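Presented below is the structure to which this report refers.
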Amino acid sequence: AQSVTQLDSHVSVSEGTPVLLRCNYSSSYSPSLFWYVQHPNKGLQLLLKYTSAATLVKGINGFEAEFKKSETSFHLTKPSAHMSDAAEYFCVVSDPTGGGNKLTFGTGTQLKVEL
Amino acid sequence: NAGVTQTPKFQVLKTGQSMTLQCAQDMNHEYMSWYRQDPGMGLRLIHYSVGAGITDQGEVPNGYNVSRSTTEDFPLRLLSAAPSQTSVYFCASSLFNGNQPQHFGDGTRLSIL
């Protein structure tokens, strides 16, 4: 079984300050992990993915995440927040068993960016 | 390049009515899936398909049916709508090779009265 815990349901930052969105996972397998972003009334867009290559993963729009096996974490960071980053972010783990790409989602973190 | 297209975008139903949510993709992806999104619960897998003619249940399949007659289309049917099925529904597709990122449609917002 696998699960994902996003430690903060809401995060608020000022524009130009760093962003940290926290995610812990549990998996019986060597996991593949993703971060997706959802803007209001839109579908989900892939930010980045980890699939057992480099532990520091760079994504779109300046985001990156570091896979830490010892801490079972996959936190998302960005050095400087922009107003356009305001959205909901989902940490996701992929189940490689049974064929296909079954995903388990965290409950999401709403990011608010203030002037 | 359309990607994943969902129709309708919005729908209001009465309890007991049936309807079909449409999903089509033009990327020749083998894997397609349906999720529902409810506040504070993330997305939960309803049904998925690994290719034409093959479907399987996800985490929350009760009250929903699917079929996959072509690679492109993966409709979701509500047989007898219930208020508990009020949600936002997302269709997604990807290559079958494990751990591929999924491409999502923009969602169908469904209200059951």
Set of lysines near A:LYS68 by C-alpha distance (under 29 Å), chain-local residues within fewer than 8 positions excluded: A:LYS49, A:LYS58, A:LYS78, A:LYS102, A:LYS112
Other-chain or far-sequence residues with amide H under 5 Å of B:GLY107's (modelled H): B:GLN6, B:CYS91
Bridge type composition, the protein assembly as shown - antiparallel percent by DSSP, nearest 5: 90
Phi to ³J(HN,Hα) by Karplus 6.51 cos²θ - 1.76 cosθ + 1.60 over the range B:83-92, Hz, x for Gly, Pro: x, 5, 8, 4, 5, 10, 10, 10, 9, 9
Candidates A:LYS68, A:LYS78, A:LYS42, ranked by Gaussian network fluctuation over chain A, Cα under 10 Å, top entry: A:LYS42
Calculated from backbone phi, Karplus (6.51, -1.76, 1.60) coupling profile of the range A:56-69 in Hz, x at Gly/Pro: 9, 10, 9, x, 7, 6, x, 7, 8, 9, 10, 7, 10, 5
Proximal aspartates and glutamates relative to A:LYS42, as straight alpha-carbon distance under 18 Å, when same-chain residues fewer than 8 apart are discounted: A:ASP85, A:GLU88, B:ASP38, B:ASP106
Residues A:LEU47, B:LEU95, sorted so that the one with the fewest Cβ neighbours within 10 Å comes first: B:LEU95, A:LEU47
Inter-centroid distance (Cα atoms) of the range B:15-29 relative to the range A:1-63, Å: 28
Shape of the protein assembly as shown, Cα gyration tensor, a/c cut at 1.5: prolate
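With loop defined by DSSP as not H, G, I, E or B, and exposure as at most 11 other Cβ atoms within 10 Å, which is the longest segment of chain B clear of exposed trypsin sites (Lys or Arg not before Pro)?
Answer - B:15-113.
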In Hz, Karplus ³J(HN,Hα) per residue of the range B:22-30 (6.51, -1.76, 1.60; θ = phi - 60°; x = Gly, Pro): 9, 9, 9, 10, 10, 10, 6, 7, 6
Chain A, relative contact order [Cα under 8 Å, separation at least 6], %: 36
Rg ratio (alpha-carbon, reference 2.2 N^0.38 Å) - chain B: 0.99
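Just so you know, all these numbers are worked out from the coordinates, no wet-lab data involved. This one's a predicted model, so the numbers in the text were calculated from it and none came from an experiment. Methodologically, a virtual Cβ is constructed for each residue, glycine included, from the backbone with ideal geometry; neighbour enumeration extends over all protein chains shown.
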